[in-house]
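All remarks here apply to the structure that follows.
The values are calculated or read from the model by the stated rules, or taken from the named source; none is laboratory data. Fair warning: this is a prediction, and the values are worked out from it, not measured in the lab. Because the Cβ atoms are built from the backbone with ideal geometry, glycine has one as well, and the counts that use them run over all protein chains shown.
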2 protein chains.
Amino acid sequence: MTITITAFERSPDGGKGLARDTRVRWALEEVSQPYAVRLVSFRAMKEPAHLALHPFGQIPTYEEGDLALFETGSIVLHIAERYAGLLPHDANARARAITWMFAALSTVEPPILELGSAKLLESDKPWNEERLPLVEDRVRGRLRPLSDRLGDAHWLDGAFGAGDLMMVSVLLRLKSSGILDEFPNLAAYLARGEARPAYKRAFDAQLAVNTGKSRAG
Amino acid sequence: MTITITAFERSPDGGKGLARDTRVRWALEEVSQPYAVRLVSFRAMKEPAHLALHPFGQIPTYEEGDLALFETGSIVLHIAERYAGLLPHDANARARAITWMFAALSTVEPPILELGSAKLLESDKPWNEERLPLVEDRVRGRLRPLSDRLGDAHWLDGAFGAGDLMMVSVLLRLKSSGILDEFPNLAAYLARGEARPAYKRAFDAQLAVNTGKSRAG
């Protein structure tokens with residue numbers, strides 16, 4: 001059964017890999033599943049055909065036979081449950097790996113998204129310069145305990161898995177901010193994630209889309 | 001095997017049910033599982049014993065035999081997978097229900113948390129009055145498509161399930177803001193959630209903790 005995902009026709013980041021289809025591509029590469037990609041324009045994302053797949057008019061989506069999913073976390077979890085390679089067999093270890101997926105998305109990422117909003121959407125506001133350090137401190141408030149827990153370990157809970165895939169993906173958003181340099185073990189963790197062959201294939205695939213589009217445009 | 005969760009010794013909201021243990025209590029009530037509660041003070045939450053359970057020093061946590069979990073989303077998913085009542089049997093419908101859990105936590109809740117930060121942490125800042133409408137608009141940007149998708153349905157995808165439990169819990173944070181009144185079907189959806197006997201039992205249980213503490217203190 002063919003797996004089809006959606007991705008930006010032209011990613012807002014120009015191919016830095018921060019669009020969420022990269023997370024799904026990475027998961028599919030880790031479990032060695034081929035997939036097709038349907039590119040969607042910003043206009044088409046808000047039209048009925050795409051909204052039927054994704055109520056919030058975003059990417060990625062996931063189609064496989066008569067199953068249609070949205071939400072990166074849910075898609076990655078589905079892939080991890082369906083194909084071997086991203087979740088341990090032991091039930092308790094599996095529940096802990098899923099815990100780290102949720103921790104990445106609902107504890108660590110929200111202040112990072114807020115920092116992104118401050119930089120992207122409020123850069124012209126008179127308060128931005130004074131406010132940014134407050135938002136950065138909220139990010140540090142999540143990174144510090146994460147760094148403490150990771151310690152010298154390579155991954156969050158034993159072997160690399162879906163929880164690490166999601167946490168590395170979330171931390172990637174901070175790469176250009178310099179904040180990760182304050183937590184050397186997290187910077188090294190990020191680098192370990194980026195060095196995985198499956199990540200590199202996912203990154204290259206999304207980059208090819210964006211480079212191709214750039215040339216065409 | 002006894003299930004033990006943790007909750008605030010004294011909730012910052014004084015018992016309005018917005019602390020995240022309410023979500024876990026609600027899930028346990030829906031699947032008719034008894035549970036014990038260990039109350040944790042703000043100081044104890046940052047001490048090694050609790051940090052071993054919850055790296056970010058928060059509540060709730062979940063212990064059951066040799067399994068220890070943190071993260072509300074992961075705990076509710078674990079309960080929904082282990083006990084009948086919160087996830088459909090059909091595999092595709094089950095994946096869609098989990099999708100709504102992730103949508104609640106990683107698409108709808110982040111701007112709501114940002115609104116909470118603006119109101120709680122930045123209320124004394126000179127920019128707050130001018131900035132709040134921007135943040136409220138980000139919340140509306142999530143509520144509008146959610147309202148469109150829900151339409152006249154009672155729940156997000158067929159029968160009530162884990163996705164609704166999480167979405168209602170997230171929307172509860174907006175109750176005092178007035179924003180939900182702009183989306184009558186979401187306000188009615190919230191009211192349907194609050195009317196569930198399992199929710200009422202969960203709400204009353206957390207209220208009893210906070211009322212008891214108020215009396216004692």
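Each residue in the range A:184-204 was checked for being outside any helix (DSSP H, G or I) and surrounded by 17 or more Cβ atoms within 10 Å (Cβ to Cβ), and 1 of them qualify.
Is it true that A:SER106 is more than 9 Å from chain B (Cβ to nearest Cβ) and out of contact with any Lys or Arg (no Cβ under 6 Å at 6 or more places or on another chain)?
Details: more than 9 Å from chain B (Cβ to nearest Cβ): no; out of contact with any Lys or Arg (no Cβ under 6 Å at 6 or more places or on another chain): yes.
Taking the combined requirement at face value, the residue does not satisfy it.
Tell me whether the range A:43-59 contains one or more residues that are within 9 Å of chain B (Cβ to nearest Cβ), farther than 18 Å from B:VAL108 by Cβ and out of contact with any helix residue (DSSP H, G or I) (no Cβ under 8 Å at 6 or more places or on another chain). No. Looking only at residues in the range B:144-157 that are touching a helix residue (DSSP H, G or I) at 6+ places or on another chain (Cβ under 6 Å) and within 12 Å of chain A (Cβ to nearest Cβ), the one that is farthest from B:PRO110 (Cα to Cα) is B:ASP157. Here is the figure for the range A:80-123: residues that are closer than 14 Å to A:ALA27 by Cβ, of a type outside the set (Lys, Arg) and over 14 Å from the mean Cα position of the chain (by Cα) total 9.
Considering each of A:ASP124, A:ASP137 in turn, give the residue that is more than 11 Å from every other protein chain (Cβ to nearest Cβ), among the acidic types (Asp, Glu) and without any contact (Cβ under 8 Å) to a residue 24 or more places away in the chain. Spell out how you get there, then give the answer.
Values: A:ASP137 fails: more than 11 Å from every other protein chain (Cβ to nearest Cβ).
When all the criteria are applied, what remains is A:ASP124.
Screening B:PHE160 on (1) assigned to a helix (DSSP H, G or I); (2) more than 12 Å from chain A (Cβ to nearest Cβ); (3) under 17 Å from the mean Cα position of the chain (by Cα) shows it passes everything except condition (1).
Set side by side, the residues B:LEU115, B:LEU180 differ, and just one is assigned to a helix (DSSP H, G or I) and away from chain A (no Cβ under 12 Å), which is B:LEU180. Does B:THR107 satisfy being touching a Ser or Thr at 6+ places or on another chain (Cβ under 6 Å) and either in a helix (DSSP H, G or I) or hydrophobic (A, V, I, L, M, F, W, C) (or both)? In short, no. Per the conditions (1) in the same structural domain as A:ARG131 (by TED's automatic domain parsing); (2) closer than 26 Å to A:PRO34 by Cβ, the sole criterion not satisfied by A:GLN58 is (1).
Tally time: how many residues in the range A:140-154 are part of a loop (DSSP other than H, G, I, E, B) and touching a residue at least 12 places away in the same chain (Cβ under 8 Å)? Talk me through it step by step, then tell me what you get.
Just the residues of the range A:140-154 that are part of a loop (DSSP other than H, G, I, E, B), to begin with: A:151-154.
Now narrow it down to the ones that are touching a residue at least 12 places away in the same chain (Cβ under 8 Å): A:151-152, A:154.
Total meeting the criteria: 3.
If you go through the range A:42-56 and pick out every residue that is touching a strand residue (DSSP E or B) at 6+ places or on another chain (Cβ under 9 Å) and either over 18 Å from A:THR4 (Cβ atoms) or buried (at least 16 other Cβ atoms within 10 Å of the Cβ) (or both), you end up with 7. Applying the condition of being part of a loop (DSSP other than H, G, I, E, B) and within 9 Å of chain B (Cβ to nearest Cβ) to the range A:66-103 and asking which residue is surrounded by the most Cβ atoms within 10 Å (Cβ to Cβ) yields A:GLU71.
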